[in-house]
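Asks: Below is the structure I would like to discuss, written out as structure tokens.
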């Protein structure tokens with residue numbers, strides 16, 4: 001609470017950077033998505049399944065954020081698309097400047113879909129606009145149905161909730177309907193897909209959502 | 001990064017408050033533990049199993065932090081011990097002032113063990129001393145073995161790692177030895193217990209660790 005005044009200044013500086021990024025993404029017809037979740041909800045696995053489902057001709061790139069390690073970039077680079085790790089050394093979120101730097105040297109004209117994997121954190125990333133077209137919140141069935149109520153900001157700001165690790169449902173006390181009800185209490189218009197990166201259930205729904213986003217983007221550009 | 005100067009000021013103010021809390025805990029012979037984890041790692045379930053294992057005569061109290069909802073306090077209050085929810089309205093961690101306020105009106109002379117459940121976040125809580133004797137990091141087997149490497153600060157600062165949700169091991173690709181190796185790479189002296197709040201495996205180890213902490217505390221007082 002004590003840091004509100006400076007936080008406001010940092011956020012308005014970030015908003016300026018994010019507006020610049022958004023303009024660059026629009027100029028190049030890039031759909032940018034910002035994936036946010038708690039640590040271990042399966043963002044990287046979802047991106048792995050996504051990249052392996054795409055034809056090598058697709059114009060996709062990934063920026064993946066972590067405090068330490070290049071592990072996620074290594075996991076994601078195997079699929080042949082441009083992937084870059086942002087290790088921010090201790091910050092609890094990605095911000096606009098980190099994205100600007102992450103994009104340095106990349107030919108934006110060659111990218112149509114930019115997937116940003118944020119630092120694993122359900123709180124702080126919700127305050128930082130990265131110039132994305134939409135935030136996507138990933139939540140796993142191991143986490144408890146009340147997470148949307150406990151961390152409302154990120155569910156309110158996300159266009160889509162991916163309810164992941166569906167394969168674990170038989171082994172955890174988790175009520176899917178209650179979780180989705182809670183998400184809609186916070187954000188009535190939130191879209192929801194249910195996935196498992198192990199059994200691949202629901203991945204087609206996620207990919208269809210991505211394709212709709214891509215086609216709407218092109219429509220906007222034309 | 002931009003907020004480092006103010007952050008330093010906020011943290012030194014917090015250190016002052018934490019030193020005051022630590023002095024009060026010492027004065028009253030209270031063992032205070034600060035439980036930190038990602039959202040959904042099972043901190044509240046671990047506290048439920050802990051409280052139900054204790055005799056009603058034990059002098060235990062719980063402060064449980066969340067951004068929104070009183071859900072956790074409701075879950076924990078059933079066991080008959082004093083429990084208070086701290087809802088901080090949007091902050092990504094608990095700080096010393098929130099603990100001071102949380103304790104208001106409680107008779108500290110009647111408490112021997114104070115369990116603080118932090119906001120679900122592996123990053124920010126590691127920077128905020130709450131006057132605790134030790135931080136305890138809870139990690140679930142659904143989260144991936146590399147979490148200690150990706151979020152090193154909290155593993156470095158924790159005296160104990162509770163590796164939780166052991167019952168899910170047959171259903172997730174998780175290597176316990178690798179996770180523990182990673183935790184020890186970051187913090188060679190970290191103690192580790194493995195638990196399941198569903199099957200109750202390992203709870204005796206956790207309770208024994210708590211009892212050792214209690215007895216050492218008494219020895220220090222005498």
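Asks: Among the residues of segment B:99-111, which ones are in contact with a strand residue (DSSP E or B) (Cβ under 7 Å, 6 or more places away or on another chain) and either buried (at least 23 other Cβ atoms within 10 Å of the Cβ) or in a loop (DSSP other than H, G, I, E, B) (or both)?
Replies: Within segment B:99-111, the first condition is being in contact with a strand residue (DSSP E or B) (Cβ under 7 Å, 6 or more places away or on another chain), and the residues that meet it are B:99, B:102, B:106, B:111.
Across segment B:99-111, the qualifying residues are B:99, B:106, B:111.
Asks: Looking at segment B:156-170, which of the residues that are within 13 Å of chain A (Cβ to nearest Cβ) and assigned to a strand (DSSP E or B) is surrounded by the fewest Cβ atoms within 10 Å (Cβ to Cβ)? Show your work before the answer.
Replies: First pass over segment B:156-170, keeping only residues within 13 Å of chain A (Cβ to nearest Cβ): B:156-157, B:163-170.
Keeping just the survivors that are assigned to a strand (DSSP E or B) gives B:163-164.
Values: B:163: 24, B:164: 27.
Here the answer is B:163.
Asks: In addition: Look through A:131, A:144 and report the one residue that is out of contact with any helix residue (DSSP H, G or I) (no Cβ under 6 Å at 6 or more places or on another chain) and on the phi > 0 side of the Ramachandran plot.
Replies: Details: A:131 fails: out of contact with any helix residue (DSSP H, G or I) (no Cβ under 6 Å at 6 or more places or on another chain).
Being out of contact with any helix residue (DSSP H, G or I) (no Cβ under 6 Å at 6 or more places or on another chain) and on the phi > 0 side of the Ramachandran plot holds for just one of A:131, A:144, which is A:144.
Asks: Same structure again: Do we have any residue at all in segment B:114-123 that's in contact with a strand residue (DSSP E or B) (Cβ under 8 Å, 6 or more places away or on another chain), modelled with pLDDT of 95 or more, away from chain A (no Cβ under 14 Å) and within 30 Å of residue A:70 (Cβ to Cβ)? Before the answer, list the steps.
Replies: Step one: filter segment B:114-123 for residues in contact with a strand residue (DSSP E or B) (Cβ under 8 Å, 6 or more places away or on another chain), giving B:114-122.
So of that shortlist, the ones also modelled with pLDDT of 95 or more come out as B:114-122.
The next check asks that each one be away from chain A (no Cβ under 14 Å); those that pass are B:114-116.
Adding the requirement that they be within 30 Å of residue A:70 (Cβ to Cβ) leaves none.
So far as segment B:114-123 goes, no, none of its residues is in contact with a strand residue (DSSP E or B) (Cβ under 8 Å, 6 or more places away or on another chain), modelled with pLDDT of 95 or more, away from chain A (no Cβ under 14 Å) and within 30 Å of residue A:70 (Cβ to Cβ).
Asks: If a residue must be in contact with a helix residue (DSSP H, G or I) (Cβ under 7 Å, 6 or more places away or on another chain), assigned to a loop (DSSP other than H, G, I, E, B) and at pLDDT 95 or above, how many such residues does segment B:71-91 contain?
Replies: Number satisfying all stated conditions: 2.
Asks: Next question, about the same structure. What are the residues in segment B:25-48 that are within 19 Å of the chain's Cα centre (by Cα), assigned to a helix (DSSP H, G or I) and more than 14 Å from chain A (Cβ to nearest Cβ), if any?
Replies: B:25, B:26
Asks: Which ones in segment A:127-141 are touching a strand residue (DSSP E or B) at 6+ places or on another chain (Cβ under 7 Å), within 11 Å of another protein chain (Cβ to nearest Cβ) and in contact (Cβ under 8 Å) with a residue 60 or more places away in the chain? Quick ask: steps written out before the conclusion?
Replies: At the first step, the residues of segment A:127-141 found to be touching a strand residue (DSSP E or B) at 6+ places or on another chain (Cβ under 7 Å) are A:130-141.
So of that shortlist, the ones also within 11 Å of another protein chain (Cβ to nearest Cβ) come out as A:139-141.
Within segment A:127-141, A:139, A:140 meet the criteria.
The values are calculated or read from the model by the stated rules, or taken from the named source; none is laboratory data. Since the structure is predicted, the reported quantities are computational estimates derived from the model, not experimental observations. Reconstructed Cβ throughout: ideal geometry from the backbone, glycine too, with neighbour counts over all protein chains shown.
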